[in-house]
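Input: a single structure, listed below in structure tokens.
A short reminder: the numbers here are calculations on the coordinates, not readings from a lab. Worth saying up front: this structure is predicted, and the values here are computed from it rather than measured. We place every Cβ from the backbone using ideal geometry, glycine too, and count neighbours over all the protein chains shown.
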Amino acid sequence: MSQADYIKDIARFGLENDQDQLLEVLSKLIEHSRQTKKVNLALQLQSILKEGLRAQQTKGLATVGSKKYYLKEDDRALNELIIEKLTSDYSFENLVCSAGIKEELTYFVQEHRDIELLNKFDLPVSNRILFHGPSGCGKTLASYVLAGELDMMMYVVNLGAIVSSKLGETSKNLSKLFRQATSENCIIFFDEFDSIGKVRDYSQDHGEMKRVVNTILQLFDYLPQNSIVIAATNQMQMIDDALLRRFDMTINLGLPSNSQIQELIEKTLTKSPFKFRTKKELAEIIKLSEGLSFYLIQRSIITAIKRTLFGLKDVEKPNLYLDSAILKELILKEKV
Ligand SMILES: Nc1ncnc2c1ncn2[C@@H]1O[C@H](COP(=O)(O)OP(=O)(O)OP(=O)(O)O)[C@@H](O)[C@H]1O
Ligand SMILES: [Mg+2]
């Protein structure tokens, strides 16, 4: 059967309210998507299926203390913790970084692809990775790249929200989150991981803060080998030393070197019809961009592309050149 056939069946059984047939054909479509290498679709359908089944279990009113009641409470607590659940199409191609970092990340991915080999020789698997470095240099992007390369779903966790509100509940909720992510084979991604350190500022209650850190330490220590935690921060100094030590890999994504600026410019331009008029112009732009983050450089190029386009009389011409005066001005503005 083709994907279109499955979709037609799903529409029919859905409209006929035939749950059993609907579930069966959905499972078949998930398998079909896996076999035809549409991994992200398979992951998303799987997740929709699980959530749907769970929603059925918790539908309607629940008696306090009943199983349904606790399931509902769990869902509510988890929804507060998770910003989003996503799949990723990013790959190493999208990330500009040094050869050394690329190699480290490739090994990290390989450990999970070849996990059975490591298990066979009783070797520990690296599954906790921390990205740090200045804003706009690819920490969040690198995390998405890992999710894409590993073909795994990712829970993005909202630490800021949990630590600022009900501190007392945080430890319990974190444990729930880890349990659920592990059972669903999802990556747990703590973006802005430094919020955990900020608890100290929010609350006078250092005892509570210690409890949260201790919970995370334990969850990290007992993380199953096939689970993965990724954390990202631009304020390493906010994070407890004991927590920092738990990461198997710590990767510093810093400001781009000149060759990385060039790679970023080339990657950004290949998606547009524009190029630089001369090599000298490109060299000048690279020099001028020194000290800016990947994000700011990319944003300047995209803005310059748009503004060049607006100024053109004939957009169908075969050779379109980027107006480097506009780009220079934008870069200079970013530097002040
Ligand atoms: N190393 C990089 N290679 C390619 N593109 C990059 C890189 N770093 C940043 N970018 C571009 O900038 C955007 C923003 O980067 P990202 O969100 O990963 O930054 P960040 O390090 O997480 O910053 P923050 O600390 O502010 O969260 C990316 O989506 C991408 O378009
Ligand atoms: Mg980020």
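So the values come out like this:
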quantity: Segment residue 287-residue 35, extension gain: residue separation times 0.36 nm, minus the distance between their alpha carbons; calculated: 86.0 nm
quantity: Stretch in the chain that is longest and holds no GluC sites (Glu not before Pro) that DSSP places in a loop and that have at most 12 other beta carbons within 10 Å; calculated: 17-315
quantity: DSSP beta bridges in the stretch 86-252 [antiparallel fraction, %, rounded to 5]; calculated: 5 percent
quantity: Per residue convex hull volume, Cα atoms of the stretch 86-252, in Å³; calculated: 112 Å³
quantity: Beta bridges by DSSP in the chain, antiparallel share as percent, to the nearest 5; calculated: 15 percent
quantity: In nm, spacing of pseudo-spin labels at residue 278 and residue 48 (7 Å Cα→C-beta vector); calculated: 5.5 nm
quantity: Local electrostatic count at residue 253 - Lys and Arg +1, Asp and Glu -1, tallied over other residues with Cβ under 13 Å; calculated: +1
quantity: Efficiency of FRET between residue 21 and residue 312 - r from beta-carbon atoms, R0 56 angstrom, step 0.05; calculated: 0.50
quantity: Relative contact order computed over the chain (Cα-Cα under 8 Å; 6+ residues apart), in percent; calculated: 17 percent
